[in-house]
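Written out below as structure tokens is the structure these notes cover.
The values are calculated or read from the model by the stated rules, or taken from the named source; none is laboratory data. All of these numbers come straight from a predicted model, not from anything done at the bench. Here the Cβ positions follow ideal geometry from the backbone for every residue, glycine too, while neighbour counts run over all protein chains shown. Side chains are part of the model used for accessible areas, which takes the heavy atoms of the whole protein and leaves out ligands, DNA and RNA. Shrake-Rupley method; radii C 1.70, N 1.55, O 1.52, S 1.80 Å.
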Amino acid sequence: MTFVPVTGAYPFARPRRLRQNGWIRDLVQEHTLLASDLIWPIFVHDRDIARDPIGSLKGIDRLSISETVKEAKAARDLGIKALALFPHIDERKRFSDGRAALDRQGIIPLACRAIKAAVPDIGLIVDVALDPYTDHGHDGLLINDKIDNDATIDALIEQAAVQYEAGADIIAPSDMMDGRIGAIRQALEARGHKDALIMSYAAKFASAFYGPYRDAIGVKALKGDKKTYQMNSANTDEALREVALDIQEGADMVMVKPGLPYLDIVWRVADTFKVPTFAYQVSGEYAMIKAASDQGLLDHERAVLESLTAFKRAGASGILTYFAKDVAEKLNK
Ligand code: PBG
């Protein structure tokens, strides 16, 4: 616990003195949101059109590779330090084994190469999980109707290596299989990739707030749910155990996901482990703020800034948010 000094009783203590006008409020402000705190998730598609609006994420499009490169430049110029890339691939390329995830000419490896060639100074975070590539929408391999942990890991190792070798900087396993951080770390080391950063989706909860994302990557009908691998939203101590394991297995950074409904987890993880801790303001959180402000129920700009500053207050080192570009533009003004 932090020590809170008590300076005296009313009227000697009047906390409102520190709030009486803008300059003093600014002077005593404890946390500040910066463009460099923001990670921008982008959906890249393999279709022949520059931008394809995502129905459930108003204001967000799936982008072609050349459009992604343009946005990467814009993001870099705004002071955003990293992008997180997610694929949307043709339905005909989705099989139950998710084999397209291992394709060196797949949309994410191609996007990584193109971005690194044009904008080498922005960090690239790539997801490691099979859901955008499977016809059943699960992150792992379904064997006898069950997600097979160890068989999945073999695929994830390959997916991680393919993406790293295409120029990705940060490998971000979002699949929640047991032992995958250690296995991926070992495989990367064995291939000489000593600098590969791993940001583990360490505490990822089975959440209703991922709905719009599944539309964005084109998961039509998820078979069942993800509760045998993603965490029960009622648990906290389990999140700490997951994070401890991932750090032990070689993660450089960890993530908590979703964001605002799990700020207590962000706080406990950051406070307990003192490793870079990221939070993901997920698609459903974006959609909620968007929908409420479109209906005139919320002031959009204030709601967005307040929600993002809350992550900083909770101890996050950075935030993945679909608002990243808009917010960076505002912060630069
Ligand atoms: C799955 C993955 C998910 C998200 C990122 N990676 C969703 C899921 O687990 O179904 C969600 C991101 C969002 O909702 O914005 N590999």
Per the filter on the range 129-148, residues acidic (Asp, Glu), touching a Leu at 6+ places or on another chain (Cβ under 9 Å) and either near the ligand (Cβ under 10 Å from one of its atoms) or in a loop (DSSP other than H, G, I, E, B) (or both) are 131, 139
Subset of the range 151-168, residues more than 14 Å from the ligand (Cβ to nearest atom) and in contact with a helix residue (DSSP H, G or I) (Cβ under 9 Å, 6 or more places away or on another chain), comes to 153, 154, 157, 158, 161, 162, 164, 165, 166, 167, 168
Scanning the range 292-309 residue by residue, the ones that are open to solvent by 30 Å² or more (accessible area, probe 1.4 Å) and touching a residue at least 24 places away in the same chain (Cβ under 8 Å) total 4
Is it the case that residue 86 is away from the ligand (no atom under 16 Å from the Cβ) and touching a residue at least 12 places away in the same chain (Cβ under 8 Å)?
no
Per the filter on the range 175-184, residues out of contact with any helix residue (DSSP H, G or I) (no Cβ under 6 Å at 6 or more places or on another chain) and surrounded by fewer than 23 Cβ atoms within 10 Å (Cβ to Cβ) are 179
Would you confirm whether or not the range 186-204 contains a residue that is more than 30 Å from residue 119 (Cα to Cα) and either within 12 Å of the ligand (Cβ to nearest atom) or open to solvent by less than 20 Å² (accessible area, probe 1.4 Å) (or both)? yes
Touching a Ser or Thr at 6+ places or on another chain (Cβ under 6 Å) and farther than 14 Å from residue 209 by Cβ - does that describe any residue in the range 251-259?
yes
In the range 205-234, residues that are open to solvent by less than 50 Å² (accessible area, probe 1.4 Å) and more than 10 Å from the ligand (Cβ to nearest atom) total 2
Those residues of the range 117-137 which are under 20 Å from the mean Cα position of the chain (by Cα) and open to solvent by 10 Å² or more (accessible area, probe 1.4 Å) amount to 121, 123, 127, 133
If we keep only residues of the range 1-27 that are at pLDDT 95 or above and exposed (fewer than 10 other Cβ atoms within 10 Å of the Cβ), then the residue farthest from residue 306 (Cα to Cα) is 17
With the first residue restricted to the range 232-251 and required to be farther than 18 Å from residue 172 by Cβ, and the second required to be of a type in the set (D, E, K, R) and at pLDDT 95 or above, Cβ contacts under 6 Å at 6 or more apart or on different chains are none
Listed by first then second residue, the pairs whose first member lies in the range 265-282 and is more than 13 Å from residue 253 (Cα to Cα), whose partner is aliphatic (A, V, I, L, M) and assigned to a helix (DSSP H, G or I), with beta carbons under 8 Å and at least 6 positions apart or on separate chains, are 265/239; 268/239; 268/240; 272/240; 272/243; 281/260; 281/308
